[in-house]
Structures are given as C-alpha cells and as structure tokens.
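First comes the structure, then the notes that go with it.
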Amino acid sequence: MTRVLVVEDDPQLVRALVINLQARHYEVDAAPDGATALRLAASHQPDVVVLDLGLPDMDGVDVIKALRGWTRVPVLVLSARRASEEKVAALDAGADDYMTKPFSMDELLARLRASVRRTEAGPTGPETTLVKTGDFTVDLTAKKARRDGRDVHLTPTEWHLLEILVTNPGRLITQRHLLQEVWGASQSNKTNYLRVYMAQLRRKLEADPSHPRYLITEPGMGYRFEE
C-alpha cells in the first residue's frame with residue numbers, strides 16, 4: 001500500500017484528507033507540525049508527502065529543505081499562500097507540485113497519484129531515449145522531435161527547454177530554474193524569454209497551441225510536461 005504523510009495543523013482538513021485517502025486504500029500518517037513531520041518521515045518512510053506551508057513551529061519551506069537533505073520523496077504542497085514568489089520558493093526548495101487552498105479533492109488525489117507514478121517509474125534518464133505523446137515524439141539520443149512523421153526543426157534553445165521538460169514528466173519546473181539552466185543565472189528574471197520560446201514550441205508541437213495538451217503553463221510559477 002502507498003503511504004502518505006499529511007502535514008497540516010487544521011484538524012478538520014486533516015480528518016477530511018485521512019478519510020478520503022483511507023477510502024482509496026492509502027496508509028496515512030498525520031503530523032500537526034514540522035518537527036513531527038520530519039520524525040515521521042524518517043521513521044515511516046512515506047511514498048508521498050502532502051504539506052501545508054503555514055505550520056505552527058516552522059515554515060513549510062524549511063520542512064522541504066530538511067527532507068531534501070536525505071530523501072527524494074515527492075512533496076505536494078497544499079497551501080493558502082497565493083503569492084507567486086512564495087509558490088516559487090517552495091518549488092525551488094524541492095517541492096514537486098503546488099496546490100492552492102481551497103482545492104478540489106479529486107484534483108488533489110489525481111496529482112498525488114501522478115506523483116507516486118513518477119516515483120515508481122523512476123526519472124527519465126539515459127536509458128529512456130524516446131518520449132512519445134499522442135501528437136509528437138522526442139528522441140533524446142538523436143536530439144530530434146518528430147510530428148506527423150516529419151522532423152520538427154528546433155533551435156538549440158527550444159531543444160534545451162523541451163529536453164528539461166520531457167525528462168521531468170508531470171513535474172512543475174519553475175521559471176527561474178528553466179532560465180538558469182538555459183540562459184544562465186544572470187538571466188533568471190527574464191520571464192519574457194520563456195513566454196516567447198514556449199509559444200514557439202507549442203506552435204511546432206501542439207495540435208492546438210492556444211489550448212496546449214502537453215506543454216502546460218502554471219501561471220506565476222513555471223511549466224510542466226504532461227504525457
């Protein structure tokens with residue numbers, strides 16, 4: 001069974017999460033604060049962590065940093081904080097996903113399942129050379145993309161962006177991370193670069209660029225590739 005660690009200080013929300021998760025055959029541990037969460041994570045080895053940022057004893061971002069010191073367990077942040085910079089701080093600290101309260105329980109469960117699937121499948125690496133979608137394929141070895149049986153011409157910058165996204169399927173990659181990886185640390189605030197290049201990638205790869213199916217924008221935070 002999949003074990004979930006819920007880190008939340010609102011008893012009513014904890015109860016709702018525990019009931020919904022147990023009804024779907026998850027094992028659930030609950031922690032009301034960061035210190036308890038870190039102890040439970042070390043002793044019970046959860047498969048995924050659902051984490052509130054506003055904890056009574058420490059900031060949730062510090063919990064993420066502490067976890068990342070020794071584990072790659074998926075962390076799904078569930079928080080009332082809506083400011084983009086706070087969301088980005090959690091993602092840059094090592095969170096895998098971010099949902100804002102109030103939230104849909106169905107969406108939370110779907111994202112939780114996706115996090116667990118990514119862990120079970122393992123990261124896309126050198127042994128995975130071909131990424132396939134319903135509309136295009138990406139050959140990581142040949143550094144080529146194909147759509148409708150034809151090669152798609154990508155610039156080196158477009159390829160670099162696409163490669164980062166498709167090798168992290170389902171994971172939300174922050175704007176800052178993409179900018180630093182592709183353009184360097186000095187350009188980490190040039191979000192207009194990303195908008196231009198992501199629009200170009202969608203025009204070349206998506207069936208409906210204005211309603212992308214694979215290259216998804218998370219407003220104010222970053223982008224994700226959905227298979």
**Asked** Looking only at residues in the stretch 176-186 that are part of a helix (DSSP H, G or I) and surrounded by fewer than 14 Cβ atoms within 10 Å (Cβ to Cβ), which one is nearest to the chain's Cα centre (by Cα)?
**Response** Ala185
**Complete:** Condition set in contact with a Leu (Cβ under 7 Å, 6 or more places away or on another chain) and closer than 16 Å to Asp10 by Cβ, scope the stretch 30-50, selection most open to solvent (accessible area, probe 1.4 Å): answer is Asp33
**Request:** Kindly list the number of the only condition in (1) under 20 Å from the mean Cα position of the chain (by Cα); (2) assigned to a helix (DSSP H, G or I); (3) over 21 Å from Asn168 (Cα atoms) that fails for Arg81.
**Result:** (2)
**Prompt:** So which helices (runs of 4 or more DSSP H) stay within the stretch 10-78 end to end and still have 2 or more residues that are over 27 Å from Ile173 (Cα atoms) and aliphatic (A, V, I, L, M)?
**Reply:** 11-23, 34-44
**Asked** Glu158 is checked against (1) open to solvent by less than 40 Å² (accessible area, probe 1.4 Å); (2) of a type in the set (D, E, K, R); (3) under 24 Å from Arg81 (Cα atoms) and fails just one. What number does that condition carry?
**Response** (3)
**Asked** So which residues in the stretch 188-227 are at pLDDT below 90, of a type in the set (S, T, N, Q) and open to solvent by 50 Å² or more (accessible area, probe 1.4 Å)?
**Response** Asn189, Asn192
**Request:** Select from the stretch 82-106 the residues that are of a type in the set (Gly, Ala, Ser) and surrounded by 13 or more Cβ atoms within 10 Å (Cβ to Cβ) and write down the one among them that is modelled with the lowest pLDDT.
**Result:** Ser84
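In the stretch 16-24, is there at least one residue being surrounded by 19 or more Cβ atoms within 10 Å (Cβ to Cβ) and on the phi < 0 side of the Ramachandran plot?
Yes.
The values are calculated or read from the model by the stated rules, or taken from the named source; none is laboratory data. The structure presented is a predicted model; accordingly, all values stated were derived computationally and were not measured. So basically every Cβ, Gly included, is an ideal-geometry build from the backbone, and we count neighbours across all protein chains shown. Ligands, DNA and RNA are stripped out before the accessible areas are found, and what is left, the full protein with its side chains, is counted by its heavy atoms. Shrake-Rupley method; radii C 1.70, N 1.55, O 1.52, S 1.80 Å.
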